[in-house]
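Student: Structure provided below as C-alpha cells; questions to follow.
The values are calculated or read from the model by the stated rules, or taken from the named source; none is laboratory data. Not measured: the values here are computed from a predicted model. Every residue, glycine as well, gets a Cβ built from its backbone with ideal geometry; the counts of neighbours run over all protein chains shown. Surface areas here come from the heavy atoms of the whole protein model, side chains and all, with no ligands, DNA or RNA. Shrake-Rupley method; radii C 1.70, N 1.55, O 1.52, S 1.80 Å.
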Amino acid sequence: MATYNNTGVTNDSQVYRCALKENFKYILLPVSYTLVFVLGLALNITAMYIILFRTKHWKPSTIYMLNLNVCDTLYVLTLPFLIYYYADKNDWPFGELMCKLIRFLFYTNLYGSILFLSCISLHRFLGVCHPMRSLYWMNSHRARLVSVGIWVIILILQAPILYFSRVRLNDNNRVCHDTTIKELFNDFIVYSSVVMFLLFVIPFGVVLVCNGLMVKKLLEPGDLREPVSQHSKQKSVKMIIIVLLAFMLCFLPFHVTRSIYYTFRFLDEQDCDVVRLSNNIYKATRLLVSLNSCIDPILYFMVGQSFRNSINKKSSIKSDKSLSTLQ
C-alpha cells in the first residue's frame, strides 16, 4: 500500500515504482469538506426536523427520504475528522477504531444513498406508469420493510470495510488507509468490485430504466390533462432531474475513476504519468460524492409536498401576524 511523507509525495515503491504527488489534496479536501459540512449539516438537520415534526401523514416516499436523510447526516458528521486529517497532511490521531468507523460510514452513506434514491425512483415510476397496481405495492408498511431490508444489506456488505481499513505508521505519519494495506489489496479489489456491481451498477440500471419509462409516459399526449395529474407530472420531472443529477454528478464519476485507478494499481502500471493522473482524478471525485449530502435535501424540499406545506404554513402565519400588527 502507498506510504506518505511530509512532502506530500506518495511512495509506492513497495507496490510499483511510481511516486504519487498529492499536495493538492491537503488544501482541496479540507476546504471542500468544510463547505460541505456546514451546508450539508444545515440542510439535513432542517429536512430531518420537518420530516419528524412537521409531517403528519407519512407516505412511502417520506419513509425513503427519512432514511436517505439519516445516511447523509451520519456522513456529514464524519467530515470534521477528515478535515483535520487532511489538513494535518495524512496524520491520523484518532486511533484505528475511529479510522475503521469513518471509512465504514463513508461507504454506508454512499451505497445507502444510492439504494434509497433507487427506491424513490421506483416508487415514482409505479405511481406514474402503473397507478392502479401501485395502490397495492405502494404503502407505508411495505416501505418500512424495504427500508429495513436495505439497511441489513448495506451493513452486511459494508462490514468487511471494518476489516480492510487499517492505520499504519509511514514516515512518522499515522495513515488511515482509504483502501487497505498492501498485503490485503488484491482481496480488497475483489470485494470492492462485487460491492460496486451489487450496490451501484444494478441500482443505477434500475434508475435509468425507471426514469426512461417515466419520461416516455409523461411525454405521451392526452394522459395528463387533469390538474392533479399535471401536478404529479411536475413532481415527477423534478424528481427525475434531481435523482439523475445525483447519479451522474456524484456517483458515476467516482465509481468510474476509482475502477480505473484500482485497475492500474492491480496491474502495476509502469506509466507513472497515467497512474498519477488517474489517482488525482479519483481523489477529486470523492468531493463529488460528498456533494450528494447537499443535493439530497433539495429532493426533500422540491418534491415532498409536506415540506412545501410546512414552509407555506409558516409564511402564512408570519403574514397574518404582520397584517394584525399593521391593523
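Student: From the phi angles alone, apply the Karplus equation (6.51, -1.76, 1.60; θ = phi - 60°) to the stretch 25-41 and give each ³J(HN,Hα) in whole Hz, x where the residue is Gly or Pro.
Tutor: Karplus values, whole Hz, x for Gly and Pro: 6, 6, 10, 4, 5, x, 5, 5, 5, 5, 5, 5, 4, 5, 5, x, 5.
Student: A further question follows. Determine how large the accessible area of residue 210 is when every protein chain is in place; take a 1.4 Å probe and give Å² rounded to the nearest 10.
Tutor: Here the residue's solvent-accessible area equals roughly 10 Å².
Student: Order 273, 268, most accessible first, counting only protein heavy atoms with a 1.4 angstrom probe.
Tutor: 273, 268
Student: Among residues other than residue 288 whose Cβ falls under 15 Å from its Cβ, what is the net charge (Lys/Arg +1, Asp/Glu -1)?
Tutor: Summing Lys and Arg as +1 and Asp and Glu as -1 gives +2.
Student: For 169, 213, write out the residues from largest to smallest accessible area, computed with a 1.4 angstrom probe and no ligands counted. Could the numbers behind the result be given before it?
Tutor: On the way: 169 125, 213 80 Å².
Correct descending sequence by accessible area is 169, 213.
Student: What accessible area per residue, rounded to a whole number of Å², is obtained for the stretch 139-196 using a probe radius of 1.4 Å?
Tutor: Counting only protein heavy atoms, the per-residue value for the stretch 139-196 is 50 Å².
Student: Listed highest first by mean packing, meaning other Cβ atoms within 10 Å per residue, what order do 81-92, 176-187 come in?
Tutor: Values: 81-92: 18.6, 176-187: 17.0.
Per-residue mean Cβ counts within 10 Å order the peptides as 81-92, 176-187.
Student: R0 = 30 Å: FRET efficiency of residue 194 with residue 244, Cβ-based, nearest 0.05?
Tutor: Efficiency for this residue pair is about 0.75.
Student: Still on this structure, I have one more. What ³J(HN,Hα) values, in whole Hz, does the Karplus curve 6.51 cos²θ - 1.76 cosθ + 1.60 give for the stretch 86-102 when θ = phi - 60°, with x put for Gly and Pro?
Tutor: So the Karplus estimates, Gly and Pro as x, are 6, 5, 8, 6, 6, 10, 8, x, 9, x, 6, 4, 5, 4, 4, 5, 5 Hz.
Student: Still on this structure, please answer the following. Quote the FRET efficiency, to the nearest 0.05, computed for residue 201 versus residue 34 with a Förster distance R0 of 41 Å and r equal to the Cβ-Cβ distance.
Tutor: For residue 201 and residue 34, the calculated efficiency is 0.80.
Student: Roughly how many Å is it from the Cα centre of the stretch 98-154 to that of the stretch 49-82, as a whole number?
Tutor: 12 Å
Student: Collect residues whose amide H, placed 1.01 Å from N in the peptide plane, falls under 5 Å from the amide H of residue 174; neighbours closer than 5 in sequence don't count.
Tutor: 92
Student: Right, next: On a full-extension model of 0.36 nm per residue, what is the gain between residue 182 and residue 144, subtracting their alpha-carbon distance, rounded to one decimal in nm?
Tutor: On the way: separation 38, 0.36 × 38 = 13.68 nm, distance 4.07 nm.
9.6 nm is the gain from fully extending residue 182 to residue 144.
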